[in-house]
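First comes the structure, then the notes that go with it.
The values are calculated or read from the model by the stated rules, or taken from the named source; none is laboratory data. Bear in mind that the values here come from a model prediction, so they are computed numbers and not experimental data. Counting neighbours? That spans all protein chains shown, and the Cβs are built from the backbone with ideal geometry, glycine included.
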């Protein structure tokens, strides 16, 4: 039943993202959403603000299929009173008149001081202002428009907007909306139709006053827009990415060559036609001195806390399914990173799809470890990471709810998350684990002895935590530029992304993570240290430590966010993201090393 549920969710998401056709004169609903700021992470529903024109339409919230994907972004879509009809221009229309008091004036002044932006939505697109940069001479969108502005000690409210909608006519004779631009203005009472350049702005007074909210609508035919979401992305600097791409290619090639040499050397004695060759004898002496062949009876010994490693590895497989699925969907253009909710919905669906292979391989590795309860292992695989993430969300939810922020997850959002977790994620994981348990046990190339071999003493640079620290340097250097641009986008509120560079960067990260982990574990084996299970997992995930550290450093140096709550929200979200990346890359390192170990030890003839 659960695979059908996942298929239905995928179909719903595709319908949600489909481009809608309109007839001439057809009404297009414009939705209030939220206000947000780069100085304050707390978002607020526009409908909750007492000084705006309350919607005369239904006050029911427009919800997505998942609900919680909107809650995590703080979205609260309520239909507004703005009248927008296809191809019908309007000039200086009155929306409403609001009488504001002293409390409203104080609230507006505080929000303007924090540089709050207003976000609307039309045809699934967030309203945006047009920006021009040196790197992007063509117009690009910046989501939202200023609530107001400040000159000296005086505050002004943007009470007039020009709504410009870009459209194209399709082959069916209908119209598709390709752009939603908003040009805000502050115009004093009675001055909607400006007769001169020097006109009075709508000042926020410290007494009771009246504000007229007005708007104009303009329709403009668009040309040469391949994807309506591309204008929300700023193209990265091609020169910087060219050198970064060259660096990642060179690093990945060198590491892959090193792995190839190791595989060749470790299996050379098995394939050589002349076992009496002098060079081969010398090489075999060196091999024995290195020590990796001496521990063949201990290298596949069950690890300590193996019952914890398998659930984490299973969740990592889920995240690998998500990573590869997102990369493939991004490359094929099935979703766009600038499109609201698309990432969250695709992530959720792929995470559910990955629950079956997660349960399957977790059960198979657990069975190889000779675990006693596959049901407990399956339960941990499906629950341990989601429970921790949901607990963090719940703690953050209490703080945001106390501030009446729209970032607080709604009751229906919690019901949606818990229902998907209980009725889809857990059953799919158990089904995969059941199938894995029914398969025969994975066999190792060599059997372990009853008495563990003594591990020789090590020098300081051979310690495990040193290898973990070293293991993350090269993978992090490969993705540093993309990670820097991503953090900059979060801080500045801009989307700087190239799909081709992103796919290349993630691919390089996966390759370098696998190869670096294999090399460092092989070096460990050469010191006769056979405790590689957890080590491979930790080395593989160590790049996330550098990502987390750099993320905190960048936040402290460049963020405009003020106060404890803003820092808490940023750091907790960063921590969750880096831990998930660490699970993903750690599992990749573990699986790569596991395959490598099977190969090299299958070449040893055991008496």
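Please find, among 421, 430, the residue that is surrounded by 16 or more Cβ atoms within 10 Å (Cβ to Cβ), more than 30 Å from residue 530 (Cβ to Cβ), without any contact (Cβ under 8 Å) to a residue 60 or more places away in the chain and within 37 Å of the chain's Cα centre (by Cα).
Within the list 421, 430, the selection yields 421.
Output the strands (runs of 3 or more DSSP E) that fall wholly within segment 145-256 and possess 2 or more residues being more than 30 Å from residue 589 (Cα to Cα) and touching a helix residue (DSSP H, G or I) at 6+ places or on another chain (Cβ under 8 Å), or say none.
Filter on segment 145-256 gives 148-151, 154-157.
Please determine, by comparing only the residues of segment 49-83 that are part of a strand (DSSP E or B) and modelled with pLDDT under 90, which one is surrounded by the most Cβ atoms within 10 Å (Cβ to Cβ).
The qualifying residue surrounded by the most Cβ atoms within 10 Å (Cβ to Cβ) is 61.
Given the condition modelled with pLDDT of 95 or more, out of contact with any strand residue (DSSP E or B) (no Cβ under 9 Å at 6 or more places or on another chain) and either under 26 Å from residue 250 (Cβ atoms) or crowded, with 21+ Cβ neighbours inside 10 Å (or both), answer yes or no: does some residue in segment 519-531 qualify?
The answer is no, given that none of the residues of segment 519-531 is modelled with pLDDT of 95 or more, out of contact with any strand residue (DSSP E or B) (no Cβ under 9 Å at 6 or more places or on another chain) and either under 26 Å from residue 250 (Cβ atoms) or crowded, with 21+ Cβ neighbours inside 10 Å (or both).
Please work out which one of (1) within 19 Å of residue 478 (Cβ to Cβ); (2) surrounded by fewer than 21 Cβ atoms within 10 Å (Cβ to Cβ); (3) free of Cβ contacts under 8 Å to residues at least 60 places away in the same chain is the condition residue 545 fails and give its number.
(3)
Considering every residue within segment 350-373, establish whether at least one is buried (at least 17 other Cβ atoms within 10 Å of the Cβ) and over 20 Å from residue 591 (Cβ atoms).
yes
Kindly check whether there is at least one residue in segment 401-417 that is farther than 28 Å from residue 46 by Cβ and either part of a helix (DSSP H, G or I) or at pLDDT below 95 (or both).
Scanning segment 401-417 turns up no residue that is farther than 28 Å from residue 46 by Cβ and either part of a helix (DSSP H, G or I) or at pLDDT below 95 (or both).
With the checklist (1) under 30 Å from residue 115 (Cα atoms); (2) surrounded by fewer than 17 Cβ atoms within 10 Å (Cβ to Cβ); (3) modelled with pLDDT under 85 in hand, flag the one item residue 488 doesn't pass.
All conditions are met except number (3).
Determine the pairs where a residue that is under 11 Å from residue 588 (Cα atoms), located within segment 319-330, has a partner that is modelled with pLDDT under 90 and crowded, with 20+ Cβ neighbours inside 10 Å with Cβ atoms under 7 Å apart, the partner being 6 or more residues away or on another chain.
Between residues of segment 319-330 that are under 11 Å from residue 588 (Cα atoms) and residues that are modelled with pLDDT under 90 and crowded, with 20+ Cβ neighbours inside 10 Å, there is no close pair.
Name every residue in segment 323-377 that is within 23 Å of the chain's Cα centre (by Cα) and in a loop (DSSP other than H, G, I, E, B), in order of residue number.
333, 334, 335, 336, 337, 338, 339, 340, 341, 354
Would you check which residues across segment 402-416 are within 18 Å of residue 77 (Cα to Cα) and out of contact with any helix residue (DSSP H, G or I) (no Cβ under 8 Å at 6 or more places or on another chain) and list them?
405, 411, 412
Of everything in segment 433-466, what is touching a residue at least 40 places away in the same chain (Cβ under 8 Å), more than 30 Å from the chain's Cα centre (by Cα) and under 25 Å from residue 318 (Cβ atoms)? Give them in sequence order.
434, 435, 437, 439, 441, 442
Among the residues of segment 556-574, what is the count of those that are in a helix (DSSP H, G or I) and either under 17 Å from residue 398 (Cβ atoms) or modelled with pLDDT under 95 (or both)?
The qualifying residues number 13.
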